[in-house]
Amino acid sequence: MKIEADEIKKAADALRSQLRQDRRYLHRCPEIGTELPRTSAYIRQRLDDMGIRWKRCGGELPKKMTKDYMTAGFPRMERATGVTATIGHGNPCILLRADMDALPIKEDNRLSFRADGPYSHMCGHDSHAAMLLGAARILKEHEKELKGTVKLMFQPGEETGAGAKLMIDAGILKDPVPDAAFAIHVQPGEFTGTADYTIGVNSASLDTFILKIKGKGGHSSQPQFCVDPLMIMNQVYQAVNLLATREADPAAMAALTCGVAKGGTAVNIIPDQAELHIGLRTLSPDTAAHLTKRIPEIIDHYVKAWGGDYELTVFHTPCTNTDETICRQMLPHIGEITGMDRLHKVPAMTATEDFGYVTEQIPSMFLFLGAGKPGNAPLHSPQMILDEDVLPTGAAIYANVAMQWLNEAAVKGGND
């Protein structure tokens with residue numbers, strides 16, 4: 001028997017109190033990075049409460065990755081604490097993803113459930129996890145009606161740019177292999193319950209280069225005996241910024257920023273070391289491939305030309321891509337929850353989302369869900385506040401997309 005969207009909406013609305021409770025618990029205990037012991041323990045307990053069998057999905061990080069992220073300013077992270085579960089059985093299979101890590105931002109508002117420490121959920125990942133828990137409850141209650149398998153992906157480390165990759169490396173896209181994937185991200189600056197999507201590339205890639213230049217320090221009155229890392233840093237800074245203006249297609253969005261440039265302690269001392277952090281965002285995979293090859297070449301040639309040495313740490317997060325066929329299949333089922341008049345096609349965002357690691361391998365759709373109103377404090381602001389009325393809407397969208405997409409995919413598969 002087919003479950004209609006109205007029934008799913010009513011079920012999600014009946015969970016309003018539980019959704020709020022889940023979101024607020026996670027909001028009060030934010031954790032950053034890939035290692036989220038309290039957060040993942042809560043997710044596992046809630047799945048236990050619903051009779052949903054789960055598995056850990058992550059494990060130990062490579063030692064170099066731990067070191068690299070500490071270089072980037074993250075706390076020591078030695079594990080990835082992802083959680084996965086399945087509801088239903090057989091093929092086809094759809095993956096629903098929610099991230100659950102926080103940001104190193106001190107929350108600045110008067111919410112009764114605000115986080116009081118140095119971390120906070122100012123990107124709304126607490127709401128994503130709560131919505132997926134709500135969807136899991138609905139789908140579990142209708143498990144017998146599912147025409148295949150729903151795989152849940154509760155992901156840490158989205159803000160590191162690599163949390164999704166760690167879960168993929170741990171096997172999230174195997175046994176069973178998903179045929180489609182779907183993810184939601186809240187937007188506090190859009191009216192609650194509206195939904196935005198982009199076909200094709202819908203978020204920028206991000207490549208980060210952390211450069212530590214090693215020179216030879218000494219007295220500023222005797223530069224001939226020194227290797228000045230500040231001078232080398234300045235040359236690299238200018239050279240990499242010219243790349244975007246001379247070697248990137250002007251039609252491609254390519255934003256290159258050097259957000260950290262530091263070194264030295266006094267005007268009369270040439271220091272031993274300097275540091276430069278370079279970030280490249282682009283909506284063009286071809287542009288990313290070219291510039292990420294050229295930036296290390298520029299660094300190597302300039303540093304060595306002036307007699308220095310260096311250490312380079314590199315991070316990469318790909319563009320997120322919404323598959324056109326999957327998008328066309330899912331849009332009606334999103335519209336059944338929001339109303340088709342509240343669905344809007346929008347340009348790609350220039351920020352980055354590590355769901356791109358999933359979309360590289362699985363035909364997927366990424367959706368922005370309004371959770372406030374225009375003029376609200378944006379994501380990553382210490383004043384960001386979400387409208388919790390979005391929680392039942394998000395849970396219903398997750399559940400309806402999964403159930404109805406499986407219904408249609410099963411019929412199509414049976415006709416082939």
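Taken together, the residues in segment 165-215 that are open to solvent by less than 20 Å² (accessible area, probe 1.4 Å), among the β-branched types (Val, Ile, Thr) and more than 18 Å from PRO363 (Cα to Cα) amount to 4. Selection of segment 243-286 for residues being more than 18 Å from VAL227 (Cβ to Cβ) and among the small types (Gly, Ala, Ser) yields ALA244, ALA248, ALA251, ALA252, ALA254, ALA255, GLY259, GLY279, SER284.
Restrict the check to segment 314-322 and report whether at least one residue is surrounded by 12 or more Cβ atoms within 10 Å (Cβ to Cβ), within 30 Å of ASP6 (Cα to Cα) and in contact (Cβ under 8 Å) with a residue 40 or more places away in the chain. Yes: segment 314-322 contains one or more residues that are surrounded by 12 or more Cβ atoms within 10 Å (Cβ to Cβ), within 30 Å of ASP6 (Cα to Cα) and in contact (Cβ under 8 Å) with a residue 40 or more places away in the chain.
Note on segment 359-376: among residues that are in contact with a Pro (Cβ under 7 Å, 6 or more places away or on another chain) and closer than 10 Å to PRO188 by Cβ, the one that is surrounded by the most Cβ atoms within 10 Å (Cβ to Cβ) is ALA371.
Of all positions in segment 379-391, none carries a residue that is in a strand (DSSP E or B) and open to solvent by less than 10 Å² (accessible area, probe 1.4 Å). The single condition among (1) at pLDDT below 95; (2) crowded, with 16+ Cβ neighbours inside 10 Å that THR350 does not meet is (2).
The values are calculated or read from the model by the stated rules, or taken from the named source; none is laboratory data. These figures come from a predicted structure and were not determined experimentally. Here Cβ is always computed from backbone atoms with ideal geometry, including for glycine, and neighbour counts include all displayed protein chains. Note: accessible area is taken over every heavy atom of the protein model, side chains too, but ligands, DNA and RNA are not part of it. Shrake-Rupley method; radii C 1.70, N 1.55, O 1.52, S 1.80 Å.
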